[in-house]
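Peer 1: Let me begin by handing over the structure; questions about it come next.
The values are calculated or read from the model by the stated rules, or taken from the named source; none is laboratory data. Note that the coordinates shown come from a computational prediction; the quantities given were computed from them, not determined experimentally. Using ideal geometry, Cβ is built from the backbone for each residue, glycine included, and neighbour counts are taken over all protein chains shown.
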Amino acid sequence: MSKLNNLEKILPKVEKPARYIGGEINAVVKKDAEIKARFVFAFPDIYEIGMSHLGMQILYHALNAENDIFCERVFAPAQDMESIMREENIPLFSLETKTPLMDADMIGFTLQYELSYSNVINMLNLANIPLMCDERKEAFPFICAGGPCAFNPEPLGEIIDFFILGEGETVNIEIMKRYILWKETGRTKFEFLKEISCIQGVYIPSLYKPRYDEHMKLIGMDKLYEWAPEKVTKKIEGDLDAAFFPEKFIVPFIDIVHNRAMVEILRGCTRGCRFCQAGVIYRPVRERSVEKIEEITHQLIKNTGYEEMSLLSLSTSDYSKIEPLVSSLMEKCRNENISLSLPSLRLDSFSFKVLDEVQSVKKSGLTFAPEAGTQRLRNVINKSITEEDIFNGAENAFKLGWGTIKLYFMIGLPTETYDDLDGIVNIAKRIIDIYYKIQDKKNRKLKITISTSNFVPKPHTAFQWFPMDDMETLSSKHQYLSEKFKKMKHITFNYNDVRTSFLEAVLARGDRRVNEVLIKAWKSGCKFDGWREHFDFDKWQQAFNDVGIDPGVFSCEKWDYDDVLPWDHIDVGVTKEYLISENEKAYEETFTDDCRNGCTDCGVNRIFECK
Amino acid sequence: MYKYLFQFTKTDYMKFISHLDLMSTFERAFRRADIKILYSQGFSPHPKLSIAHPLSVGISSTSEYMEVEIEERKEGLEILSRLNDVLPEGIRILNCKEMIEKKKSLAALVEYAAYDISFHIEDIEQDVLIKTIEDFLSEIEIIAIKKQMKTHTIKQVDIRPFIDAFELTKYSQGVATITAIIKTGSNGNLNPELLMQSFIESSEIKIDPNEIKIMRTELYFVKENKRIPFSSIN
Ligand code: SF4
């Protein structure tokens, strides 16, 4: 059945063997004779997570739409599979043709979260590919990476040959086309890198060398070649209607995290929350037209057979024609007997009218993301939701008979005090009061989930200079809230592991020295760091010790405006001056309005057109 | 409402798809083929599609059966070809016919299943293998150890009454195929892997359980004390 003859023998021994078999509906298989280059899209987490990622579906089909390019997939094998693969000497292989990754021309990792970096390394190793760029001689495939985390590429800068900053739909194809030409002329790998260095969005770390002072503080990035670009500017798609969107999705056999067809209706967000990286890197906002969305929906339903359809964006309600769009899609879905889900919808009167008809919401309940417990702190982070919005929303929902509410908050935000934590408790109390006023005693089934995450400063945001809380401070805050919520009925309180967030911060703001730590940590057994059962913080600390780096410098230290940031040579469009002014406004607790109501001069329009 | 009986294969990599995943694979395939199937009423409607007897993950089949209720009447051949156009490799509809008579559900009909079980063996004469099989069958009781998934306990069962046939049907180049017909369904069920485990334990032949390939070839119901293959259902 495959080029790996012992695969069939080991599959019966592993959990969910369908993770490794490929052959799903709409998966693409091309013959060797038809193609000129082979790309493997690598997702550094398990199948169920990677397959839920819309970006993978888009980029996979975009590349495969080119006749002479073949894009295959690979995911991180789960523990049981990895052990057997290592025992039986089975190298990491692509799902489509079960070809060892080593035989690909290019392997592209998507970096969706920092905690998957150790998996990138582990996957390269499972593929028998040397980890460091300079160990990979001419015969090895090129290793590239993209996704939001690529906007601070430095922590993987010695492992990844080149990064793609921004949106990959067209730039991936351009790179592959150049690759095919390069391959035909038989020049060195370096010459290929030189050639693509002029493509917008391509960053090649080996063309730059970080400079440190005597305390190992980063003080500059030196170009090693005259022709290397001073700064690398991100690449984005212009018009979303013209951008590639697949008419079919790969439909998995097994249940995955988001098992449904999805249409992206809007890219980017104009609200300007100061902690949010997505809001910066996807600027400016672009919309897909209602007609185009309808057309895509039609095709997707027909080609996937999915029983559920979902709209995707950072903020569904910000879509300018949301009412006509939702009405038309609801009708279409009703006719086809499939359900429509509308995530990240703001709760105005229109939404309630719609949501009441959408089954899935009744089951899973309402969600709000105030992110902070007081209006003061919400001004600091520039989150525009008010308490009125939440309470009105809750009241409307309870009147419709729903009883499940989920609220998201961040802990450890800049300037946070215990008053702000009390604010979270007060919001929960008020919601309970509202519920009690509406529902009579007999049918009280209220369930409130307070889900908190730990604030982690992200590159290219207004808070990029700000430290995260140290681990003790965060833990006491969790403790404090736990105690309060323990005494309250109807509430489930969730929080994230502080050590995991600490590592996330280090990897998010790290510089090139982190590469060595990553390799050390991986050697001592670190992988799947985002999975509680695998995460081993002691090993990470050991790795930092061995390399002689204080991780706190990256996570818990406040940086100055004139410090050189590890990502200063990356241009996301939004200027540093704007981020500084936003950071200042945060301290002044001043709100910056949504830029749809008037340009606030973030600088992205220097390079891209804002509509 | 029109009820159809489907016969289909589940081979190659598709043997690694679980029963539940196979159901959703079919549900989506019907939608892709633009054939509307019926759903149960209620809060979470499920499709009126049922498979005669679940196949364990790792076992292939040349002959599975399911019944599906469809909104509009169509030619069996048309449904068959429309589905085959949109099914993954390894799942093929072999037959599709409308069931006119009202019958018990397919699941309730199942009494026996036939399997081809093949494995590698070395240095054993065919006669010896046949003799070993005969010895195995001649035992009055064959006690197998069954792990109870739910209670995590171990139960001893006599599987001899569940074995209707167990014979060597092919032996060449070190690969032996045993054809077994065993009790299947709600009136007594023997799983072919347990059968092979007992056989390996009772005989002294070395067979690597990981190398055994099992293929279901037919399901049977019983009428007037006769075993009748599902393929003859009208
Ligand atoms: S340039 Fe102005 S309109 Fe464009 S994204 Fe920035 S703030 Fe908004």
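Peer 1: What is the number of the single condition among (1) within 14 Å of chain B (Cβ to nearest Cβ); (2) farther than 30 Å from A:Gly401 by Cβ; (3) of a type in the set (S, T, N, Q) that A:Gln277 does not meet?
Peer 2: Going through the list (1) within 14 Å of chain B (Cβ to nearest Cβ); (2) farther than 30 Å from A:Gly401 by Cβ; (3) of a type in the set (S, T, N, Q), A:Gln277 breaks only (1).
Peer 1: Quick check on my filter: what residues within segment A:225-243 are more than 19 Å from the chain's Cα centre (by Cα) and either away from the ligand (no atom under 16 Å from the Cβ) or hydroxyl-bearing (Ser, Thr, Tyr) (or both)?
Peer 2: A:Tyr225, A:Glu226, A:Trp227, A:Ala228, A:Pro229, A:Glu230, A:Lys231, A:Val232, A:Thr233, A:Asp241, A:Ala242, A:Ala243
Peer 1: Just the residues that are outside any loop (DSSP other than H, G, I, E, B) and away from every other protein chain (no Cβ under 12 Å), please, taken from segment A:1-47.
Peer 2: A:Asp32, A:Ala33, A:Glu34, A:Ala37, A:Arg38, A:Phe39, A:Val40, A:Phe41, A:Ala42, A:Phe43, A:Tyr47
Peer 1: Please find, among A:Lys458, A:Lys445, the residue that is at negative phi, exposed (fewer than 14 other Cβ atoms within 10 Å of the Cβ) and assigned to a loop (DSSP other than H, G, I, E, B).
Peer 2: Step by step, each of A:Lys458, A:Lys445 is checked, and only A:Lys445 is at negative phi, exposed (fewer than 14 other Cβ atoms within 10 Å of the Cβ) and assigned to a loop (DSSP other than H, G, I, E, B).
Peer 1: Quick one: what pairs do we get from segment B:45-64, first residue on the phi > 0 side of the Ramachandran plot, second at pLDDT 95 or above and in a strand (DSSP E or B), C-beta under 8 Å, 6+ apart or different chains?
Peer 2: If the second residue must be at pLDDT 95 or above and in a strand (DSSP E or B), the pairs left are B:Gly58/B:Ile214.
Peer 1: Quick one: how many residues across segment A:542-569 are exposed (fewer than 15 other Cβ atoms within 10 Å of the Cβ) and either free of Cβ contacts under 8 Å to residues at least 40 places away in the same chain or within 16 Å of the ligand (Cβ to nearest atom) (or both)?
Peer 2: Looking only at that region, the number is 5.
Peer 1: Regarding segment A:302-321, can at least one residue be identified that is part of a helix (DSSP H, G or I), closer than 17 Å to A:Glu264 by Cα and hydrophobic (A, V, I, L, M, F, W, C)?
Peer 2: Looking through segment A:302-321, none of the residues is part of a helix (DSSP H, G or I), closer than 17 Å to A:Glu264 by Cα and hydrophobic (A, V, I, L, M, F, W, C).
Peer 1: While we're here: Residues of segment A:85-96 being modelled with pLDDT of 95 or more, surrounded by fewer than 19 Cβ atoms within 10 Å (Cβ to Cβ) and either in contact with a Lys or Arg (Cβ under 8 Å, 6 or more places away or on another chain) or not charged (D, E, K, R) (or both), which ones?
Peer 2: Within segment A:85-96, just A:Pro91 meets the criteria.
Peer 1: Determine which single condition B:Ile37 fails, assuming it passes every other condition in (1) over 20 Å from the mean Cα position of the chain (by Cα); (2) facing chain A (nearest Cβ under 9 Å); (3) closer than 28 Å to A:Glu247 by Cβ.
Peer 2: (2)
Peer 1: State the number of residues belonging to segment A:267-301 that are within 16 Å of the ligand (Cβ to nearest atom) and assigned to a loop (DSSP other than H, G, I, E, B).
Peer 2: 13
Peer 1: Tell me which residues, restricted to segment A:316-337, are modelled with pLDDT of 85 or more and surrounded by 18 or more Cβ atoms within 10 Å (Cβ to Cβ).
Peer 2: Across segment A:316-337, the qualifying residues are A:Asp318, A:Tyr319, A:Ile322, A:Leu325, A:Val326, A:Leu329, A:Cys333.
Peer 1: Turning to a different aspect of this structure: I need the full set of residues from segment A:364-383 which are in contact (Cβ under 8 Å) with a residue 60 or more places away in the chain, of a type in the set (Lys, Arg) and crowded, with 22+ Cβ neighbours inside 10 Å, in order please.
Peer 2: A:Lys383
Peer 1: Can you pull out every residue in segment A:300-342 that is within 13 Å of chain B (Cβ to nearest Cβ), acidic (Asp, Glu) and in contact with a Ser or Thr (Cβ under 8 Å, 6 or more places away or on another chain)?
Peer 2: Those that are within 13 Å of chain B (Cβ to nearest Cβ), acidic (Asp, Glu) and in contact with a Ser or Thr (Cβ under 8 Å, 6 or more places away or on another chain): A:Glu307, A:Glu308.
Yes/no per residue for (1) of a type outside the set (Asp, Glu); (2) at pLDDT below 95:
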{"site": "B:Ile59", "(1), (2)": "yes, no"}
{"site": "B:Val68", "(1), (2)": "yes, no"}
{"site": "B:Glu71", "(1), (2)": "no, yes"}
{"site": "B:Asn84", "(1), (2)": "yes, no"}
{"site": "B:Ile93", "(1), (2)": "yes, no"}
{"site": "B:Ile100", "(1), (2)": "yes, yes"}
{"site": "B:Ser105", "(1), (2)": "yes, yes"}
{"site": "B:Glu125", "(1), (2)": "no, yes"}
{"site": "B:Ala144", "(1), (2)": "yes, yes"}
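Peer 1: Applying the selection to segment B:164-184, what residues are buried (at least 18 other Cβ atoms within 10 Å of the Cβ) and within 17 Å of B:Ile200 (Cβ to Cβ)?
Peer 2: Scanning segment B:164-184 gives B:Phe166, B:Ala176, B:Ile178, B:Ala180, B:Ile182.
Peer 1: Is segment A:244-266 home to any residue that is part of a loop (DSSP other than H, G, I, E, B) and within 16 Å of the ligand (Cβ to nearest atom)?
Peer 2: no
Peer 1: A follow-up question, please. In segment A:194-206, what residues are surrounded by fewer than 20 Cβ atoms within 10 Å (Cβ to Cβ) and hydrophobic (A, V, I, L, M, F, W, C)?
Peer 2: A:Cys198, A:Ile199
Peer 1: A further question on this structure: Within the group A:Glu291, A:Glu287, which residue is over 23 Å from B:Ala29 (Cα atoms), under 23 Å from the mean Cα position of the chain (by Cα) and either at pLDDT 95 or above or away from chain B (no Cβ under 14 Å) (or both)?
Peer 2: Exactly one of A:Glu291, A:Glu287 is over 23 Å from B:Ala29 (Cα atoms), under 23 Å from the mean Cα position of the chain (by Cα) and either at pLDDT 95 or above or away from chain B (no Cβ under 14 Å) (or both), namely A:Glu287.
Peer 1: Another question, if that's okay. Only one of B:Glu75, B:Glu101, B:Glu89 is within 14 Å of chain A (Cβ to nearest Cβ) and surrounded by fewer than 16 Cβ atoms within 10 Å (Cβ to Cβ). Can you tell me which?
Peer 2: One residue alone meets the criteria, B:Glu89.
Peer 1: What residue, of A:Lys489, A:Lys447, is modelled with pLDDT under 95 and either in contact with a strand residue (DSSP E or B) (Cβ under 6 Å, 6 or more places away or on another chain) or within 30 Å of A:Leu124 (Cβ to Cβ) (or both)?
Peer 2: So the residue among A:Lys489, A:Lys447 that is modelled with pLDDT under 95 and either in contact with a strand residue (DSSP E or B) (Cβ under 6 Å, 6 or more places away or on another chain) or within 30 Å of A:Leu124 (Cβ to Cβ) (or both) is A:Lys447.
Peer 1: Could you list, in sequence order, all residues of segment A:570-591 that are of a type outside the set (Lys, Arg) and surrounded by fewer than 20 Cβ atoms within 10 Å (Cβ to Cβ)?
Peer 2: A:Thr575, A:Glu577, A:Tyr578, A:Ile580, A:Ser581, A:Asn583, A:Glu584, A:Tyr587, A:Glu588, A:Glu589, A:Thr590, A:Phe591
Peer 1: So is A:Glu154 under 24 Å from the mean Cα position of the chain (by Cα), farther than 22 Å from A:Gly50 by Cα and surrounded by 24 or more Cβ atoms within 10 Å (Cβ to Cβ) or not?
Peer 2: Taking the combined requirement at face value, the residue satisfies it.
Peer 1: Also, I was wondering about something else. Inspect segment A:514-532 for any residue being in a helix (DSSP H, G or I), β-branched (Val, Ile, Thr), within 30 Å of A:Glu371 (Cβ to Cβ) and touching a Leu at 6+ places or on another chain (Cβ under 8 Å) and give the result as yes or no.
Peer 2: The answer is yes; a qualifying residue exists.
Peer 1: Within the group B:Asp85, B:Asp123, which residue is more than 30 Å from B:Phe162 (Cα to Cα) and either in contact with a His (Cβ under 8 Å, 6 or more places away or on another chain) or outside the structural domain of B:Thr11 (by TED's automatic domain parsing) (or both)?
Peer 2: From the options B:Asp85, B:Asp123, the qualifying one is B:Asp123.
Peer 1: Take the conditions more than 28 Å from B:Lys213 (Cβ to Cβ), away from chain A (no Cβ under 14 Å) and modelled with pLDDT of 95 or more and apply them to B:Glu111. Does it pass?
Peer 2: Judged against the criteria, B:Glu111 is not a match.
Peer 1: Confirm whether B:Ile228 is under 16 Å from the mean Cα position of the chain (by Cα) and either surrounded by 15 or more Cβ atoms within 10 Å (Cβ to Cβ) or within 14 Å of chain A (Cβ to nearest Cβ) (or both).
Peer 2: Judged against the criteria, B:Ile228 is a match.
Peer 1: Report, by residue number, each residue of segment A:581-602 that is within 15 Å of the ligand (Cβ to nearest atom) and under 30 Å from A:Arg513 (Cβ atoms).
Peer 2: Passing the criteria: only A:Glu582.
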